[in-house]
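The next block holds one structure in the form of structure tokens; read it before the comments.
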Amino acid sequence: MQNLLDEFIQVIKNDERLVVDGYVNKAKVEDLALNLDSDFLNILMNHEGLKKHFFQAVGDVLVFDKVKFQGFIANKSFLPDSYTSYKNKIGLLNPENQFISQSKNVSLVFPHKDCVLEGGQSEEEAKRDEIFWNELLAPDQIDQLLAPKVLTNFKRYDGNGIHKVENISIKDNLLIKGNNLLALHTLKEIYAGKVKVIYIDPPYNTENDTFMYNDTFTHSTWLTFMKNRLEIAKKLLSPDGVLFINTDEIEHAYLKVLCDEIFDRENFVGDLIWKKRKGGGNDSTYLALDHDYILVYAKNKSKDVHKKKWRVPYTPEYLKRYREIDERNGRRYYWDTLSRDGLQSPIVVELDCPDGTKITINSQKSKETILAELETGLVRITETRNGWTVHHRVYEPEEGKVLRSILDNVGTNKTAKDEIKALFNDDKAFKHPKPEQLLQTLITLASEEGDLVMDFFVGSGTTAAVAHKLNRQYIAIEQLDYIENTTAKRLHKVVEGEQGGISEAFNWSGGGSFIYCELKKVNQLWVDKIMKATQEEELLDFWHKMQEEAFLSYKINPKEINENINDFQELSFDEKKKFLIEVLDKNLLYLSYSEIQDEDFEVSEEDMKLNEKFYSLKD
């Protein structure tokens, strides 16, 4: 690689367009190459080594391999001493030594039958025998995968029950069932730049295989999985939008580096430390890990964008001290000692007391200011058991207080489980919810009433439930079947006025509505069938039917597989499932909106009309 680099630099540095202050400019090289600049390509073709490396012969024509070239200049040793070397970041590499941040691969995850893709397991629950099949798609396998999808099975939930959806508004709350990456791309054209707060609690990727993946869900695969979703999340955020990511110590550092690359390090707001449990037994081998991390990123941390300071309300206990009322302005206040020890650069002030004696105090106010406030009643000198004391009025805060980075008073895992049990009268309704007060703190910190909140790993629906109670609009996405029996039911209870969680504190008594809908399945129907299969015979029968009814990958030859069907039969049960899922064309997991008129997919007239309304939504 180094010899090729040396040759490359020697050849291209004669092009004046590529040299800045005596150094080859990496950004300009990339720009000319990806735009197929003819002069630049001629330079490469006139060098036998570079021509052989970056061009392929197709008949009598030489074709420039842009993908290979981009990988070449993305290598961390490329132009190490160049004008732009300061831009190099800490890179996260996949097994092919490509930067994950620049990879175009897409990670899809298929949870096994009856499994729940969830974060936040406790240590004793971390060895469950659950399987998630992950498939990493290369760019040449992606065609319609990320195209907007057809929505179906619309239902509106309100205080009067569940109804057909007659109309859709840009202000409707949405609960969407389907693969979250594909759902996010479905929402992109309508909601890009409109989401004020995104909170996600993605699956953790623990070293002890809390999530069991075929071929192991490695760091690089997990980060690709997250990268795909965070890139589209960034596009959905408003200019003053904020992202909160709940994670644990295993992937926290890696996720921080990935987010620095996607959102820019300058937009990192900070880390919140959420104390998720109140102490416990002494059964840990090394450390008792009582907390999670919440990474906080702004779409743009510019002061011009975030004009409103982030503040959280003061607690009622704190505000009890503000008992007196200033009749001149109606504001509540209390008297506090003006003199303070330990002040930096204190102002030493000598004052006359009512009895003619003098008192010296350390203050942050000048003597002139104190004397003026004595005249207006904002400062007083009173006699106490310890002698004369100077007090000043402290008014009830109007903005609230700055949130501290350690969240130790917003509920715990147990709080959240108790909230779910109260809603469903069942300890097992959902294993790992988050407490409502935690989400209330984050949502109120960075948004106002009417703002749009999103959670695309919504699980039991805590984010959506809290957003609803706080009069925020929300979009929530979940892939698994419990969305109907847990998430939708929970949100309907919110609409009806349930009194759990933060309801009492925010005087919640019910109201509003939300729309439930699903991405219309095509090959995903086969994935579901394969996942649910319990007998070997079912899988062989599926293979025969899939050849007639499913959309298979262009990479496979059914005839060849049938000729070697004995090899298929020798696979284990789980390997057969994995194989059948892999031969499906992932571009057709769900139906693309561009195909809605195709009669083969049997989209109802009702769904056609609702999709047309949905895709024409505007402010």
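The values are calculated or read from the model by the stated rules, or taken from the named source; none is laboratory data. The shown structure was predicted, so the numbers you read here are calculated from the model rather than taken from an experiment. Positions of Cβ are backbone-derived with ideal geometry, glycine not excepted, and every protein chain shown enters the neighbour counts.
Does Lys555 meet the test of being within 18 Å of Ala147 (Cβ to Cβ) and either in contact with a Pro (Cβ under 6 Å, 6 or more places away or on another chain) or at pLDDT below 95 (or both)? In short, no. Within the range 384-427, the residues that satisfy the criterion of being in a helix (DSSP H, G or I) and of a type outside the set (Ser, Thr, Tyr) are Asn413, Lys414, Ala416, Lys417, Asp418, Glu419, Ile420, Lys421, Ala422, Leu423, Phe424. For the range 181-202, filtered to residues that are over 20 Å from Glu595 (Cβ atoms), of a type outside the set (Phe, Trp, Tyr) and more than 11 Å from the chain's Cα centre (by Cα), the residue that is surrounded by the fewest Cβ atoms within 10 Å (Cβ to Cβ) is Gly193. When His392 is tested against (1) in contact (Cβ under 8 Å) with a residue 60 or more places away in the chain; (2) more than 30 Å from Leu151 (Cβ to Cβ), exactly one condition is not met: (1). Within the range 415-428, being surrounded by fewer than 19 Cβ atoms within 10 Å (Cβ to Cβ) and within 24 Å of the chain's Cα centre (by Cα) holds for one residue alone: Lys417.
Quick one: in the range 20-59, which of the residues that are closer than 17 Å to Glu7 by Cβ and at pLDDT below 80 is surrounded by the most Cβ atoms within 10 Å (Cβ to Cβ)? Ranking the candidates gives Val24 first.
When each of Phe542, Phe551 is tested for being surrounded by 13 or more Cβ atoms within 10 Å (Cβ to Cβ) and more than 30 Å from Lys188 (Cβ to Cβ), the lone residue that passes is Phe542.
Note on the range 232-256: among residues that are surrounded by fewer than 21 Cβ atoms within 10 Å (Cβ to Cβ) and touching a Ser or Thr at 6+ places or on another chain (Cβ under 8 Å), the one that is modelled with the highest pLDDT is Asp248. Restricted to the range 184-201, and to residues that are among the β-branched types (Val, Ile, Thr) and assigned to a strand (DSSP E or B), which residue is nearest to Phe457 (Cα to Cα)? Checked the range 184-201; the qualifying residue nearest to Phe457 (Cα to Cα) is Ile200. Is there a residue being farther than 30 Å from Phe263 by Cα and either surrounded by fewer than 17 Cβ atoms within 10 Å (Cβ to Cβ) or at pLDDT below 50 (or both) anywhere in the range 102-112? Taking every residue of the range 102-112 in turn, at least one turns out to be farther than 30 Å from Phe263 by Cα and either surrounded by fewer than 17 Cβ atoms within 10 Å (Cβ to Cβ) or at pLDDT below 50 (or both).
Do we have Leu295 as under 33 Å from the mean Cα position of the chain (by Cα) and at pLDDT below 95 here? Spelling it out, it is not the case that Leu295 is under 33 Å from the mean Cα position of the chain (by Cα) and at pLDDT below 95. Just to be sure, is Asn329 in the same structural domain as Lys434 (by TED's automatic domain parsing) and either at pLDDT 90 or above or β-branched (Val, Ile, Thr) (or both)? The answer is no for Asn329.
Scanning the range 53-74 for residues that are closer than 11 Å to Leu41 by Cβ and part of a strand (DSSP E or B) returns Phe55, Leu62, Val63, Phe64. Is it true that Glu266 is closer than 28 Å to Lys188 by Cα, modelled with pLDDT under 95 and either touching a Ser or Thr at 6+ places or on another chain (Cβ under 8 Å) or not in a helix (DSSP H, G or I) (or both)? Criteria not met by Glu266. Restricting attention to the range 493-517, the residues that are in contact with a strand residue (DSSP E or B) (Cβ under 7 Å, 6 or more places away or on another chain) and over 17 Å from Leu439 (Cβ atoms) total 5. If a residue must be surrounded by 15 or more Cβ atoms within 10 Å (Cβ to Cβ) and either within 19 Å of Leu445 (Cα to Cα) or modelled with pLDDT under 85 (or both), how many such residues does the range 272-291 contain? Of the residues in that region, 4 qualify. In the set (1) crowded, with 22+ Cβ neighbours inside 10 Å; (2) part of a loop (DSSP other than H, G, I, E, B), the condition left unmet by Tyr516 is number (2). Residues in the range 335-362 that are under 13 Å from His392 (Cα atoms) and at pLDDT below 90: 2 in all. Report yes if Leu62 is surrounded by fewer than 17 Cβ atoms within 10 Å (Cβ to Cβ) and at pLDDT below 80, otherwise no. Answer is no for this residue. Of everything listed in (1) more than 18 Å from the chain's Cα centre (by Cα); (2) crowded, with 23+ Cβ neighbours inside 10 Å, the single unmet condition for Tyr482 is (2).
Each row is one residue, and each column tells you yes or no for (1) over 27 Å from Leu272 (Cα atoms); (2) assigned to a strand (DSSP E or B); (3) outside the structural domain of Asn246 (by TED's automatic domain parsing); (4) in contact with a His (Cβ under 9 Å, 6 or more places away or on another chain).
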| site | (1), (2), (3), (4) |
| --- | --- |
| Glu448 | no, no, no, no |
| His468 | no, no, no, no |
| Ala476 | no, yes, no, no |
| Ala488 | yes, no, no, no |
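For Ile381, the criteria (1) touching a residue at least 12 places away in the same chain (Cβ under 8 Å); (2) assigned by TED's automatic domain parsing to the domain that holds Leu295 hold in every case but one, which is (2).
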